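Data first, discussion second: the structure below is written as structure tokens.
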Amino acid sequence: DEGVVGKSVRRDLAKGKLTLPLIRRLASAEPADRGKLLTLIQQAGENGPGADAAVDQILADLRDAGAIETARSVAREWLDRALPELDALDDTPARSMLRFATEAVVERRF
């Protein structure tokens, strides 16, 4: 949801940007499902009459397959590795803002 994420997930798909959830889903999908997703990605990027429906189907597939939650788990693992390094820095407003921003990225909703 653009209002939650702060950017258009639809725009990313329309531009052919492969996000971590999409990469993970393509890697784990059965061949028939992978082919269907690749077709939908192509349709989403063509900005034709079926583009919005293709994006809706892609997002539904990512949610149903757990790809978004899997990507969130990967991001959380990286965050958990980074926070001790961040906490070793001097306690400044900049460090606090950086910590807030990194945690917000992991917790954002799609």
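Read-outs: derived from the displayed coordinates by stated rules, not from any lab. From a predicted model like this one, the values you see are computed outputs, not experimental measurements. Every residue, glycine as well, gets a Cβ built from its backbone with ideal geometry; the counts of neighbours run over all protein chains shown.
Under a 10 Å cutoff between Cα atoms, tell me which one of LEU62, LEU89, LEU79 has the largest fluctuation in the Gaussian network model of the chain.
Checking each option, the largest mean-square fluctuation is seen for LEU89.
Dipole size in debye (nearest 20) for the chain around its Cα centre, Lys and Arg Cβ +1, Asp and Glu Cβ -1?
Taking the Cα centre of the chain as origin, the dipole is about 280 debye.
Give me the distance in nm between label points sitting 7 Å out from Cα along the Cα-to-Cβ direction at ALA60 and ALA104, one decimal.
3.3 nm
Kyte-Doolittle mean at least -0.5 and Cα extent at least 15 Å along the axis: which DSSP H helices of the chain qualify?
Working: long enough: 31-45 (21 Å, -0.17); 51-64 (20 Å, 0.11); 67-87 (30 Å, -0.37); 93-107 (21 Å, 0.21).
Qualifying helices, which must be both long enough and hydrophobic enough, are 31-45, 51-64, 67-87, 93-107.
For the chain, modelled as a Gaussian network with Cα springs under 10 Å, which listed residue fluctuates most, LEU86, LEU22, LEU13?
Most flexible of the set in this elastic network: LEU86.
Using a Gaussian network model of the chain with C-alpha springs under 10 Å, which one of ALA54, ALA65, ALA27 is most mobile by mean-square fluctuation?
For the chain, modelled as a Gaussian network with Cα springs under 10 Å, the answer is ALA27.
Given the -39500 (n - 2.57) contribution per DSSP H run of 4+ residues, what per-residue ellipticity at 222 nm results for the chain, rounded to the nearest 500 deg cm²/dmol?
Rounded to the nearest 500, it is -23500 deg cm²/dmol.
Between ALA88 and ARG10, with labels modelled 7 Å along Cα→Cβ, what's the label distance in nm to one decimal, could you check?
Rounded to a tenth, the inter-label distance reads 4.5 nm.
Go through VAL106, LEU86, ILE68 and say which Cα lies farthest out towards the positive end of the charge dipole of the chain; charges sit on Cβ, +1 for Lys and Arg, -1 for Asp and Glu.
ILE68
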